[in-house]
Structures are given as structure tokens and as C-alpha cells.
1. Could you tell me the calculated FRET efficiency between Ala51 and Ala17, based on Cβ-Cβ distance and R0 = 45 angstrom, to the nearest 0.05?
2. Would you list, by chain and number, the aspartates and glutamates whose Cα falls below 14 Å from the Cα of Lys78, excluding same-chain residues fewer than 8 positions away?
3. What value, in deg cm²/dmol to 500, does the helix sum -39500 (n - 2.57) over DSSP H runs of n ≥ 4 give at 222 nm once divided by the residues of the chain?
4. Working only with C-alpha atoms, what are the Rg and Dmax values of the chain, expressed in angstrom?
5. Distance cut-off 20 Å, Cα to Cα: go down the list Lys89/Lys131; Lys89/Lys113; Lys45/Lys139; Lys83/Lys133; Lys113/Lys133 and report the pairs above it.
6. Just to check I understand the Karplus step: with θ = phi - 60° and J = 6.51 cos²θ - 1.76 cosθ + 1.60, what whole-Hz values come out for region 125-136, glycine and proline as x?
7. Calculate the spin-label point distance for Asp134 paired with Glu80, positioning each point 7 Å from the Cα along the beta-carbon direction, and give it in nanometres.
8. In nanometres, what is the gap between the two model label sites at Asp59 and His88, each 7 Å from Cα along Cα-to-Cβ?
Amino acid sequence: MTLRTIITITLVIAGIAVIFYVGYSLIFKHYRRSNTIERTLAIIKPEAVQAHQTGPIIDRIEQMGFTIIDFRKVHLGKEEAAKFYHEHKNKSFFGDMTQYISSGPIVVMILEKLNAIGDWRDLMGATNPAKAKDGTIRKQFGTNIEKNAVHGSDSQAAAQQEIAFFFADRRK
Ligand code: GDP
């Protein structure tokens, strides 16, 4: 067997391995995305609560197949707001965002469904309502990049922490 043949065979085997790896990863990712029942934290923010948009937003949530596992209306103090948003503490708008989220009552909910974390973020839309897609809650109910109507956890770890933040006293 010549060196050229060995190199060709090696490259073909490597190519097949890469194709299998990529295919398996995509299928596995899809499988995980569509077969994991998750819980996420959703918040209806102060300006939306004040504008009596709680009902219409909850309608959209239920129409999309989320189950509301728990639900409460709270008014955070500024210190609690800073604790909730601690991951953003180095952002230039940290003071504004804690001031805003503590400016009035909010509605916090535990939502459950298959892929709840990603699906709720899809339904919320982009952070800036001006850039959010048609049909998203932020597009419909958001005012600006700060007053954007709703919040959603962005990972499993965040969902667990945020649910514990508001519902630590809840019976499982
Ligand atoms: P989200 O995960 O889509 O909510 O976006 P981020 O995690 O980046 O930001 C958290 C929240 O901070 C947003 O939902 C807004 O309420 C607020 N926020 C984001 N960007 C800005 C900004 O540029 N200025 C101000 N004032 N608030 C912002």
C-alpha cells in the first residue's frame, strides 16, 4: 500500500467520522430540546402590570401550551431587585434596571412545558421591543429596551436560582 493510499483512506475515515459526529450532535440536540420538561421563571414587569396587560400576557402564555405552576404578585424593594439582577451589576444600566423593576408590583410565575426556557424566550422576543419579531410579547406589549414587559430565565441554572428567589417557601 502506497503512502498516498494510506493518506486517502485516513482522510475518508476522518470525513465519515466528522459527518457522523455532526449528525449525531444535531439529532441529540433536537432530542434534548424537544423532550425535556422544564420549568422557567417568567415576570410581567411593572409597566405592563400597571397598564392592565397581565391578563392578555397570561392568555398568550397559556395559548402557547405553558402550564402555570405557581403565580404571585410582589413589589420588590431596591435591594431585593439588586439581588435578583446581581449578574448585571457591572452593566452601565444596573441602577436604572433595579430602579425600574422595583418601581411597582410585578407578577412572577413558574412556567412548565417541554423546552420551557427556550420557548418562553422565543415567545418574549428580543430584549429591545423595536427589534422583536411580530407575534412576540415584547413586540406587542414592550415600550423600550428597558420597559420591555417581560423577563425570562436564560438557562437551567438561572431558572433554578430565579424560581428559588421568588418561591423559596413553596411546597414542591
Ligand atoms: P433579557 O434577557 O432579554 O431580558 O436581556 P438582558 O439580560 O440583556 O437585560 C436584562 C434587562 O435589563 C432587560 O430585560 C431590560 O429590562 C434591561 N436592559 C437591557 N438592556 C438595557 C439598556 O441598554 N438600558 C436599560 N436601561 N436597560 C436595559
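1. Numbers: r = 56 Å, r/R0 = 1.24.
Efficiency computed from Cβ-Cβ geometry: 0.20.
2. Asp96
3. Details: 8 runs with 89 residues, N = 172.
After summing the helix terms and dividing by the residues of the chain, the value is -15500 deg cm²/dmol.
4. 21.7, 78
5. Numbers: Lys89/Lys131 24 Å; Lys89/Lys113 31 Å; Lys45/Lys139 14 Å; Lys83/Lys133 30 Å; Lys113/Lys133 22 Å.
Pairs exceeding the cut-off: Lys89/Lys131; Lys89/Lys113; Lys83/Lys133; Lys113/Lys133.
6. Using θ = phi - 60°, the values come out as x, 4, 3, 8, x, 5, 9, 6, 6, 4, x, 8 Hz.
7. Calculated label separation equals 4.0 nm.
8. Calculated label separation equals 2.8 nm.
Values in this text are rule-based calculations from the coordinates and carry no lab data. Everything numeric in this text was worked out from a predicted model, so none of it was measured. Please note: Cβ atoms are built from the backbone with ideal geometry, for glycine as well, and neighbour counts cover all protein chains shown.
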